[in-house]
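Reviewing the structure listed below.
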Protein chains: 2
Amino acid sequence: MIPILKTDLSSELLDLENYIINHSCDIEHWFRTQWLEYTAPFYASVDLRNSGFKLTPVDTNLFPGGFNNLNPDFAPLTIQAISIAIEKICPDARQVLLVPENHTRNIFYLKNIFELTEILKNSGIEVRIGSIAPNINEIQIIEIDEKNSIKIEPIHRENDRLFLKNKDSTTFKPCAIILNNDLSAGVPDKLNNLNQRIIPPLSAGWPTRRKSIHFSYYNQIVEEFSKFTKIDPWLINPYFEKLNGLNFLEREGEIQLAEHIEKLLIKIKKKYSQYNISHEPYVVIKADAGTYGMGIMTIKNSEDVLNLNRKMRKKMSVVKDGIKVTEVIIQEGVHTEETVNDSVAEPVVYMIDHFVVGGFYRVHTNKEKDENLNSPGMHFVPVSFETSCLMPDQGRPCDDKANRFYAYGVIARLALLAAAKELKD
Amino acid sequence: MIPILKTDLSSELLDLENYIINHSCDIEHWFRTQWLEYTAPFYASVDLRNSGFKLTPVDTNLFPGGFNNLNPDFAPLTIQAISIAIEKICPDARQVLLVPENHTRNIFYLKNIFELTEILKNSGIEVRIGSIAPNINEIQIIEIDEKNSIKIEPIHRENDRLFLKNKDSTTFKPCAIILNNDLSAGVPDKLNNLNQRIIPPLSAGWPTRRKSIHFSYYNQIVEEFSKFTKIDPWLINPYFEKLNGLNFLEREGEIQLAEHIEKLLIKIKKKYSQYNISHEPYVVIKADAGTYGMGIMTIKNSEDVLNLNRKMRKKMSVVKDGIKVTEVIIQEGVHTEETVNDSVAEPVVYMIDHFVVGGFYRVHTNKEKDENLNSPGMHFVPVSFETSCLMPDQGRPCDDKANRFYAYGVIARLALLAAAKELKD
């Protein structure tokens with residue numbers, strides 16, 4: 001099942017998809033030369049939105065969850081890609097420690113961790129799960145379904161190395177540490193100044209990362225890509241701006257925020273009228289550092305930010321792990337026009353190293369097309385992509401499923417390149 | 001459908017398969033360290049034989065045909081692997097020239113060429129097919145099925161570069177040349193001293209390659225692998241010897257050949273009695289340089305080589321493209337005990353770079369288990385592997401299909417390592 005695109009593709013986006021599909025050789029060649037210069041992140045997922053007139057990434061996650069939502073048919077692809085990634089980073093690795101998020105109660109997340117360990121095992125890596133949560137002092141065995149369970153162990157540190165203790169008091173000494181924890185709460189002491197390779201590096205975590213920096217690099221990438229595809233960069237790039245010095249609770253910076261939103265809405269309206277788009281424009285306010293759909297708000301009218309009730313202001317003022325929000329980006333909203341059984345569907349593309357390994361749709365049964373689909377908890381139904389994103393079929397219409405997914409893989413890789421530049425600098 | 005193994009696995013081979021499946025992390029780690037030192041061939045296929053008491057490669061092809069016989073479900077795996085291979089060898093390549101075998105009439109082979117071009121295209125390479133056959137002076141378009149055809153073009157050379165001429169008299173200037181021609185007839189002048197990358201290198205062709213050298217390297221690899229798996233190397237390695245100075249037509253070297261075969265048969269019998277194997281041993285005589293199932297003969301009794309009729313002697317005296325056979329290897333025969341619907345089935349594992357990308361069974365409906373299954377022409381029915389060879393399933397019996405194929409992938413990669421050493425030296 002491939003989600004239905006409710007509106008027709010605009011002629012511009014159709015041109016772009018056509019270009020992508022019929023110039024896959026040029027595009028792949030361009031990517032190859034880019035990857036000579038930039039090192040792809042170990043793994044990433046990119047949230048895309050397809051409005052029929054615009055196809056853009058809206059978020060790039062460098063600690064992707066949701067591996068359990070991928071199509072099991074493409075597991076070999078994921079295994080091969082992770083073998084390559086491991087070979088590049090630490091070919092001599094034999095044992096690795098996987099560090100998950102601290103919230104060990106979310107069964108969907110734990111299934112992702114289980115899947116990640118399976119992928120690593122199947123690519124020939126011995127893997128164990130060690131938690132940096134302060135309250136994990138003994139081994140936890142958690143059932144994730146009728147057949148499988150995962151074991152989460154407390155991590156020990158001696159000098160500059162982490163290890164796990166075995167029952168027989170021997171130790172599990174990982175060569176490398178794979179983070180699936182975005183470090184929203186800050187980098188714990190345990191992970192600082194280690195003499196073990198940390199993958200991805202600590203700098204990929206939210207204490208360092210900023211969405212605004214990511215999207216600045218994305219601007220550059222799109223600029224280059226648009227030059228050779230000869231398209232309007234706006235078609236694949238949402239406008240954004242960054243704002244500092246906010247305090248939602250104390251209403252500091254509100255007016256400035258409203259002004260910037262107003263300007264951004266005008267900019268978007270101009271583009272909408274250029275392309276005869278009748279949708280109502282909107283912007284999304286997001287914490288510049290943060291994830292998990294927290295600290296996110298949708299605004300259609302700049303004045304609305306002046307009239308936020310206390311609950312909304314409270315919601316915007318902190319993100320995951322209670323971190324205060326003072327910096328935000330305001331990003332052009334991209335309407336989701338893909339639906340599965342009338343429910344809004346948002347594609348998420350998964351990559352390991354610089355290889356697309358699949359993806360899935362977040363299908364949301366209760367939300368509107370201009371709402372954020374990645375809310376806390378599990379409010380979506382995952383529908384895995386039916387085909388890999390690898391093979392364009394030039395003989396078929398560009399909205400054929402193989403072709404739509406290939407185009408998604410291309411746009412997602414543009415965001416991946418932006419993340420690569422981000423991590424390099 | 002997975003072929004039935006007619007005999008039970010002997011306890012030794014069972015131990016080996018068990019070891020392979022339950023130590024996949026150690027094995028993959030070992031392979032990773034090997035691939036740090038040796039560069040895998042661009043592509044290869046390895047013919048395996050499973051006798052229930054022995055699982056060995058019997059031939060390693062560095063110009064594999066038969067890509068059309070692989071399971072289309074794993075096409076993404078092949079595409080990803082070829083992307084990696086191209087990136088390593090010539091990341092800047094945009095256009096490549098594929099040089100097929102000269103026999104342009106074999107529809108099965110042409111389907112392989114079609115499949116190869118598809119894989120290359122899908123990994124973002126512009127590819128055209130150029131023939132080095134002397135009689136190809138104009139473009140040939142050959143239908144390979146109802147839907148598809150391939151275009152084979154004459155190759156032009158100017159100074160040290162090959163190119164194709166377009167209709168509009170512009171030229172197709174390949175950055176690299178991919179050979180799917182084993183150069184049995186010798187290296188044509190056109191390919192000598194080029195300033196374009198040739199993949200695999202000319203030295204992988206039969207004018208240079210010798211089976212005996214390949215299997216000498218295989219001996220080394222098996223020695224190392226057996227040390228850490230603590231198995232008898234013989235379980236995965238057929239005995240062989242090399243002989244020079246033969247002339248089958250003139251009956252030169254016959255007696256010497258019979259003597260060596262006798263010695264080899266005694267050596268094999270000794271092993272058979274060690275493991276209580278009741279099969280009748282046999283040896284295979286193969287041209288040391290050559291392929292295509294030509295110049296191959298099965299012998300159960302050393303005296304038989306003294307009594308070859310003229311037809312047999314003629315058959316043994318030349319291989320493909322009329323090249324005379326003076327050097328042979330005599331290789332321990334490995335009985336094929338796998339069957340599909342009572343027909344003998346021989347697995348062939350395909351690899352690109354150092355990645356196993358699938359395989360198929362040659363299922364032969366008329367032949368006996370100790371006959372050569374790769375005869376000239378198409379006398380076999382291909383049955384593609386149902387699962388990738390990537391994922392062992394440690395929770396299941398070692399003869400479960402995922403596990404059997406994983407073990408096949410491991411043994412095939414041992415032969416691949418031997419080929420890598422061969423090409424390095």
- Query: Say we look at the stretch A:265-277 and pick out the residues that are in contact with a helix residue (DSSP H, G or I) (Cβ under 8 Å, 6 or more places away or on another chain) and in a loop (DSSP other than H, G, I, E, B); which of these is nearest to A:Ser51 (Cα to Cα)?
  - Reply: A:Ile277
- Task: Look through A:Glu250, A:Glu280, A:Glu262, A:Glu254 and report the one residue that is closer than 19 Å to A:Arg49 by Cα and out of contact with any strand residue (DSSP E or B) (no Cβ under 8 Å at 6 or more places or on another chain).
- Result: A:Glu280
- Item | Filter result for B:Asn22 (within 14 Å of another protein chain (Cβ to nearest Cβ), open to solvent by 20 Å² or more (accessible area, probe 1.4 Å) and not basic (Lys, Arg)) | yes
- Selection within the stretch B:162-185 - open to solvent by 60 Å² or more (accessible area, probe 1.4 Å) and of a type in the set (Ser, Thr, Tyr): B:Ser169, B:Thr170
- What do you reckon, is B:Tyr272 hydroxyl-bearing (Ser, Thr, Tyr), within 30 Å of B:Tyr38 (Cα to Cα), open to solvent by less than 70 Å² (accessible area, probe 1.4 Å) and modelled with pLDDT of 95 or more? no
- Message: Let me confirm something: among A:Ile132, A:Ile142, A:Ile152, which residue is closer than 20 Å to A:Asn106 by Cβ and surrounded by fewer than 17 Cβ atoms within 10 Å (Cβ to Cβ)?
- Response: A:Ile142
- Task: Please work out if B:Thr39 is surrounded by fewer than 24 Cβ atoms within 10 Å (Cβ to Cβ), hydroxyl-bearing (Ser, Thr, Tyr) and within 12 Å of chain A (Cβ to nearest Cβ).
- Result: no
- Among residues belonging to the stretch A:186-229 that are surrounded by fewer than 14 Cβ atoms within 10 Å (Cβ to Cβ) and without any contact (Cβ under 8 Å) to a residue 12 or more places away in the chain, point out the one that is farthest from A:Thr33 (Cα to Cα). A:Asp189
- Among B:Lys111, B:Lys88, B:Lys147, which is loosely packed, with under 15 Cβ neighbours inside 10 Å and either at pLDDT 90 or above or hydrophobic (A, V, I, L, M, F, W, C) (or both)? B:Lys147
- Read through the list (1) open to solvent by 10 Å² or more (accessible area, probe 1.4 Å); (2) β-branched (Val, Ile, Thr); (3) out of contact with any Asp or Glu (no Cβ under 7 Å at 6 or more places or on another chain), then give the number of the only condition that A:Val58 fails. (3)
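Could you list all residues from the stretch B:371-399 that are farther than 28 Å from B:Lys111 by Cα and either of a type in the set (A, V, I, L, M) or at pLDDT 75 or above (or both)? Show your work before the answer.
As a first pass, look at the stretch B:371-399 and keep what is farther than 28 Å from B:Lys111 by Cα: B:391-399.
Those that are farther than 28 Å from B:Lys111 by Cα and either of a type in the set (A, V, I, L, M) or at pLDDT 75 or above (or both): B:Met391, B:Pro392.
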- Query: Exactly one of (1) open to solvent by 10 Å² or more (accessible area, probe 1.4 Å); (2) out of contact with any Asp or Glu (no Cβ under 8 Å at 6 or more places or on another chain) is unmet by A:Leu16. Its number?
  - Reply: (1)
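Could we say that B:Thr117 is more than 30 Å from B:Ile236 (Cβ to Cβ) and more than 10 Å from chain A (Cβ to nearest Cβ) here?
Values: more than 30 Å from B:Ile236 (Cβ to Cβ): yes; more than 10 Å from chain A (Cβ to nearest Cβ): yes.
Yes: the conditions hold for B:Thr117.
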- Message: Being in contact (Cβ under 8 Å) with a residue 24 or more places away in the chain, open to solvent by 40 Å² or more (accessible area, probe 1.4 Å), acidic (Asp, Glu) and more than 14 Å from chain B (Cβ to nearest Cβ) is the requirement here; does A:Asp47 meet it?
- Response: no
- Message: Suppose we filter B:Ile261, B:Ile236, B:Ile277 for residues that are surrounded by 15 or more Cβ atoms within 10 Å (Cβ to Cβ), modelled with pLDDT of 95 or more, more than 25 Å from B:Arg413 (Cα to Cα) and out of contact with any His (no Cβ under 7 Å at 6 or more places or on another chain); which single one remains?
- Response: B:Ile261
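The values are calculated or read from the model by the stated rules, or taken from the named source; none is laboratory data. From a predicted model like this one, the values you see are computed outputs, not experimental measurements. Glycine gets a Cβ as well: all are built from the backbone with ideal geometry, and neighbour counts include every protein chain shown. SASA here: full protein model, heavy atoms, side chains in, ligands and nucleic acids out. Shrake-Rupley method; radii C 1.70, N 1.55, O 1.52, S 1.80 Å.
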